[in-house]
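Structure record follows, encoded as structure tokens.
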Amino acid sequence: MLGIKSSLDSLPPFPDDVHTAPIAGISSLKLLNGDLSEGAKVLEACQTYGFFYLDLRDSIEGETLLDESEQLLQLAVEAFKDSLAEKMKYRLPKGVSIFGYKPAGTIKKTDPNLRPDSTEFFNISKDHMHDIVPTRSYPPTITAHRALLKAFTKNAHECGMLVLRTLETQLGLAPNELVNLSAFEKPAGDHCRLTRKFPRSADANAIGLPSHTDAGSVTVLFNWLGGLQIESRSAGGEREWEFVRPMAGHAVINLGMYTSFLCAFLSAMFALTTFAFR
């Protein structure tokens, strides 16, 4: 094992006086070994919160991904040091592509209060890094780390496929029925996102990003500062928001909207079929 030191160790501890989401913890090693009881925990997590912690410390594949995430954190620090004018040269064309730079201050129409966000990010395409489609331009700080970005996008994609393979087994689907829909060599919206949120202002209505659901199938998120919130699934807590506590050595797995719908639909169909044959 690599024995990676988490950047969490150098940050102020997450507070204990805020309510946090009780999402499940899952072992990457057990999933890699096809453990059915651990797979059942994945399905349950996907049918409830749609989020779970994936412990990456217990497998070589997991620790490799952890090491890459720490390197990308340092890359993000460097990439965001450029002036706004310089970063805006690489701005993503809104409504045309999701790849490139998004400045803070964007207003999303789904936010009822139309509040500008306080988060900037770079979306770096998997297809661009692996020459699957012609690339767009990225800042020199980012292109200088192409080898790291190639490795991370490949390994993060495989992490997502591990989740999909687990769900295939749990839902009784044919092997690779979900995985083949997300073949790595096919053009797709897969990307590595480097994110920076500016310090929160005194305005209680200020937001990092407005509420949203992730598109696609699986998001692999590395969360250091603890700003992530998800909608409560506790009885009586609907429409309330709960913080996700950062956990050293773990990724937060978020099931995208398409896979969430599929899990809900197939589980409902299984329940109806079971009832019909009683």
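The values are calculated or read from the model by the stated rules, or taken from the named source; none is laboratory data. This one's a predicted model, so the numbers in the text were calculated from it and none came from an experiment. Note: ideal-geometry Cβ built from the backbone for every residue, glycine included; neighbour counts use all protein chains shown. Note: accessible area is taken over every heavy atom of the protein model, side chains too, but ligands, DNA and RNA are not part of it. Shrake-Rupley method; radii C 1.70, N 1.55, O 1.52, S 1.80 Å.
Some observations on this one:
- Whole-number D in µm²/s for segment 91-131 (Stokes-Einstein; Kirkwood sum over Cα pairs; 20 °C, 1.002 mPa s): 186 µm²/s
- Converting phi to 3J(HN,Hα) with the Karplus coefficients 6.51, -1.76 and 1.60 and the offset θ = phi - 60°, segment 226-232 yields x, x, 5, 10, 10, 6, 5 Hz in sequence order, with x at every glycine or proline.
- With kT/(6 pi eta Rh) evaluated at 20 °C and eta = 1.002 mPa s, and Rh the Kirkwood radius from Cα pairs, segment 64-115 diffuses with a coefficient of 160 µm²/s according to Stokes-Einstein.
- Low-density loop cleavage sites - trypsin sites (Lys or Arg not before Pro) in segment 1-96, where at most 15 other Cβ are within 10 Å (DSSP): Lys5, Lys81, Lys89, Lys94
- Convex hull volume of segment 28-104 per residue (C-alpha atoms, cubic angstrom): 144 Å³
- For segment 65-104 and segment 115-170, distance of Cα centres in Å: 12 Å
- Burial ranking of peptide ranges 105-112, 215-222 (average Cβ count within 10 Å, highest at the top): 215-222, 105-112
- Within the accessible area of segment 71-223, the carbon and sulfur atoms contribute 57%, probe 1.4 Å, all protein chains present.
- Largest first, the residues Ile132, Ile253 sort by 1.4 Å accessible area into Ile132, Ile253.
- Between Leu36 and Asp9, the FRET efficiency estimated from the beta carbon spacing at R0 = 30 angstrom works out to 0.30.
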